[in-house]
1. Just need a number here: residues in the stretch 12-27 that are surrounded by 11 or more Cβ atoms within 10 Å (Cβ to Cβ), farther than 14 Å from Ile113 by Cβ and under 18 Å from the mean Cα position of the chain (by Cα).
2. Could you tell me whether any residue of the stretch 38-54 is part of a strand (DSSP E or B), within 20 Å of Tyr20 (Cα to Cα) and under 14 Å from the mean Cα position of the chain (by Cα)?
3. Would you please name the residue that is surrounded by the fewest Cβ atoms within 10 Å (Cβ to Cβ), looking only at residues in the stretch 39-50 that are closer than 13 Å to Val92 by Cα and of a type outside the set (D, E, K, R)?
4. Is it the case, given these coordinates, that Phe9 is over 14 Å from the mean Cα position of the chain (by Cα), within 24 Å of Gly101 (Cα to Cα) and part of a strand (DSSP E or B)?
5. Show the residue pairs that are 6+ apart or on different chains and have beta-carbon atoms under 6 Å apart, the first residue being within the stretch 75-90 and within 20 Å of Arg43 (Cβ to Cβ), the second being surrounded by fewer than 16 Cβ atoms within 10 Å (Cβ to Cβ) and of a type in the set (Gly, Ala, Ser).
6. Filter the stretch 17-35 down to the residues that are closer than 19 Å to Gly98 by Cα and either in a strand (DSSP E or B) or at pLDDT 95 or above (or both) and list them by number.
Amino acid sequence: MIIYIIGAFVPEAEAKISVYDQGFMFGNGVYEIERTFGGQPFRLDDHLGRLRRSLKYVELDDDGLVDRVRDATLEIMARNADEIDQPGDVWVHQIVTGGCGDLDLGGAVRPSIVVTLRPLQFDTFGALYESVDRNLYAKLLTAWIERVGFDFVGQAQARLY
C-alpha cells in the first residue's frame, strides 16, 4: 500500500524515517488509530479531535498539523482504494512526532507526520469475537468501580453545581 510519511506518498517498502526523529529518540509523539467501514474512516473527526488534544498535551499543537493529518489520511484512502476493497476494510494509523533536529527537545524544525493503512484481519478478530465472554467488559468495569470506589452520582452532582 501507499503510505504518507513526512510530506511524501510512497510505497510501504520505500518508507524511511530518521533515527534522529524525536519520536524514535525520545518517544516524543502521539498516535491515533481508527478503522474503516465500507472503505471510509469511522468517526474521523472524533479521532482527529482526540489527536489534537493529545498533541496539545505534549506541546505539539501546531494549528495546521491536524488538518495535514486529515488531508494525508483522505489522500492515502483514495490512493489505496483498490487495495482497501480487497480485504474489505483497514486500520488507519496516524502518527505525529516531534520531528528531526538537533539532539535536544527544542531542536526540531517541524513535526513528522506518518499515516499508514493495514488490512483488518477479520479471520483473527472473528475467532476472538466468537470465543470472548460477552460480559467481560461489564465485569472489568464493575471490578474497577469497586476497586477505586468511583462515585458516579457524586461526580455528576459536582458538575451540576
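1. 2
2. The answer is no, given that none of the residues of the stretch 38-54 is part of a strand (DSSP E or B), within 20 Å of Tyr20 (Cα to Cα) and under 14 Å from the mean Cα position of the chain (by Cα).
3. Gln40
4. Here the answer is yes, as Phe9 does meet what is asked.
5. Close Cβ pairs satisfying both conditions: Ile84/Gly39.
6. Residues of the stretch 17-35 that are closer than 19 Å to Gly98 by Cα, as a first pass: 17-33.
The answer is Gly29, Val30, Tyr31, Glu32, Ile33.
Let's see how each residue does on (1) surrounded by 14 or more Cβ atoms within 10 Å (Cβ to Cβ); (2) closer than 12 Å to Ile113 by Cα; (3) at pLDDT 95 or above:
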site: Phe37; (1), (2), (3): no, no, no
site: Arg52; (1), (2), (3): yes, no, no
site: Leu60; (1), (2), (3): yes, yes, no
site: Asp71; (1), (2), (3): yes, yes, yes
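The values are calculated or read from the model by the stated rules, or taken from the named source; none is laboratory data. Nothing here was measured: the structure is a model prediction, and the numbers come from that model. Quick reminder, even Gly has a Cβ in these numbers, built from the backbone with ideal geometry, and neighbours come from all protein chains shown.
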